[in-house]
Amino acid sequence: MKNNINKFVYWAPRILSIVFICFLALFSLDIFERGLGFWKIVIGLFIHNIPSLILLIILIISWKREIVGGVVFILAGISYIIMILIGGKSYQLFWTLPISGPAFLIGILFLFGWRKRKSLK
């Protein structure tokens, strides 16, 4: 039973991170609705996917250093909420949950895995 918990603690934040990054990348597909040329679409996709690419780099680092993933994913959730509040759209604060919620959950799971691995040493 303990081995199953250790596997869950190890794999859950990594798998959820991959799913979350793919979810964020889906938002870039709206660039195709504008009828732009090839190079403008390529540039638009790159610009829209900068947050996904940053989180992908963080995930690669976090694969071995879970503390990095824990801190950065929690900070990503907080920064998204702050951006919405600064943008003057406080009425949309509820809409931040689909993005900030998974980021917080992934960060907490990374921190939990880091803490568990640290206590085993």
Looking only at residues that are within 21 Å of Glu66 (Cα to Cα) and in contact with a Leu (Cβ under 6 Å, 6 or more places away or on another chain) in region 1-50, which one is surrounded by the most Cβ atoms within 10 Å (Cβ to Cβ)? Pro13
Residues (under 17 Å from the mean Cα position of the chain (by Cα) and closer than 19 Å to Ile18 by Cβ) located in region 29-53: His48, Asn49, Ile50, Pro51, Ser52, Leu53
When you scan region 104-115, do you find a residue that is exposed (fewer than 15 other Cβ atoms within 10 Å of the Cβ), part of a helix (DSSP H, G or I) and at pLDDT below 95, even just one? yes
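Kindly evaluate Ser119 against the criterion of being hydroxyl-bearing (Ser, Thr, Tyr), more than 21 Å from Lys7 (Cβ to Cβ) and part of a helix (DSSP H, G or I). Even if it seems obvious, please write down each step before you answer.
Values: hydroxyl-bearing (Ser, Thr, Tyr): yes; more than 21 Å from Lys7 (Cβ to Cβ): no; part of a helix (DSSP H, G or I): yes.
No, not satisfied.
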Looking only at region 58-69, decide whether some residue is farther than 21 Å from Ala12 by Cα and of a type in the set (S, T, N, Q). no
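The values are calculated or read from the model by the stated rules, or taken from the named source; none is laboratory data. Just so it is clear, the model here is predicted, and its values are computed rather than measured. Note that we place each Cβ from the backbone using ideal geometry, even for glycine, and neighbour counts take in every protein chain shown.
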